1. Taking only C-alpha pairs under 8 Å that are 6+ residues apart, what is the relative contact order of region 260-398 in percent?
2. Compute the FRET efficiency between GLU341 and LEU8 as 1/(1 + (r/R0)^6), taking r as their Cβ-Cβ distance and R0 = 51 Å, and round to the nearest 0.05.
3. What share of Cα pairs, in percent, lie more than 24 angstrom apart in region 260-398?
4. If you rank LYS98, LYS186 by fewest surrounding Cβ atoms within 10 Å, what's the result?
5. Beyond a 24 Å Cα-Cα separation, which of these cross-linked pairs lie in this structure: LYS98/LYS191; LYS191/LYS236; LYS151/LYS236?
6. How do HIS391, HIS245, HIS14 rank when sorted from fewest to most other Cβ atoms within 10 Å of their own Cβ?
7. Length gain on complete extension for the stretch PHE193 to ALA72, per 0.36 nm per residue less the alpha carbon to alpha carbon distance?
8. Could you give me the ³J(HN,Hα) list for region 381-392, computed from phi with Karplus coefficients 6.51, -1.76, 1.60 and θ = phi - 60°, whole Hz, x at Gly and Pro?
Amino acid sequence: MRRLHRNLNEAHDHAEAANAAKSRFLAVMSHELRTPLNGMLGMAQTLKKGDLNGAQREQVDIMVDSGETLLALLNDVLDMSRIEAGKVELAPTPSTMKDMVDRVVNTYNPLLGSKDVVLSYHLDEGANRTLSFDVLRVYQCLSNLVSNAVKFTELGSVRINVSVTEEGDGYQVRCEVRDTGIGMSKAVIDKLFEAYSQADAMTVRKYGGSGLGLSISRRLAELMGGTLSVTSDETKGSTFVLTFHAGAVTEVAKAEPISASILAEDDDTLPGMSILLVDDHPINRKVARLFLEPFGFDITEAADGQEALDLDMSRFDLVLMDLNMPRMGGLEATRIYRANEAPGRRLPIVALTADAMKDQIAACHAAGMDAHIAKPIVMDTLIETVTRLLHLADEDEAQAEVESA
């Protein structure tokens, strides 16, 4: 009995060590893959802002699409790891299923190209009701289902049907995605929701895919109190049904989304404000500079945390700080600066990093950073974060002057 107990403990320890090793590997791979993606997608976003002819714009669009496909694959791998480790947390926000479906249809309609396929939808009255659900995760699931339907349908239709019914203290949402595509055999359906599992080799060669999307979507559906199922006929197509539980919302103020870069263009307080950009990779610095300089920021560069401290960070209005750098990383530099920061003014420090896992983001805030931006950098995210923190810093400084007067 003691030997059995010892063997069980050893097996548990080995499993824990294997999970820890996998987490470390994923963290390193996430960082290493996001750095070149940041360079590629950053330059492509900058090119799209320029004066391009039709052929050039098409080429840039292909670059962006290819980069975003790689990023989606990376995020799928990380999502699967988080789900297996039980570290996925839902973040419900108010929205409607009509907005959700409109967003999905607007994304995939242009991808139909020359296909003789019609993408349509039908929503019941409840789809206009404001509900509380994790918008990002529901979009991820529904988008994956529609993407597969469009991919495997060469002729006919892809149709989305959505119904919302009252259930207990909230609502049951049912999303049906029906296509007239190639369909699936029972053997394929039986392994469809297994991680890394795909159809036969010929289908994989023709259509591609990682074999993760449906497995992730089913697990997310279960986390949201629902299910994901499928029926299919090899001659008539497939029907996927996603269900999930949504909470009730009594009142919500809805604002129209506005591009952060458009708002910043009209902000006459930005030109001349100084930003210290700390990153050991010259391409990353180039991308951030190209995003920021059009708004009139004065950019100073540093290659690591020690150089940033030597430049006297207090001279700047804001610091963008990478984490993994030679000599001194961003977390250590931030901790040292915060420990010696003069009272009365808090310098905004933003993590601009390829470290994007939840514990890495928490470490940034614990070190004294004010925000986290993951690479590849999205221009609007960068501009919105920088302008928001600069305005908050100005308000705090003005308040401090009033209190000291």
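Values quoted throughout were computed directly from the atomic coordinates according to the rules given, and no laboratory measurement underlies them. Source: prediction; values computed, not measured. Quick reminder, even Gly has a Cβ in these numbers, built from the backbone with ideal geometry, and neighbours come from all protein chains shown.
1. 24 percent
2. 0.50
3. So the portion of pairs separated by more than 24 Å is 22 percent.
4. Values: LYS98 16, LYS186 8.
Ordered by Cβ neighbours within 10 Å, fewest first: LYS186, LYS98.
5. LYS98/LYS191
6. On the way: HIS391 14, HIS245 18, HIS14 10.
Neighbour counts put them in this order, fewest first: HIS14, HIS391, HIS245.
7. Separation in residues times 0.36 nm, less the Cα-Cα distance, equals 41.7 nm.
8. Listing the rounded values in order: 5, 5, 5, 5, 5, 5, 5, 5, 5, 5, 5, 5 Hz.
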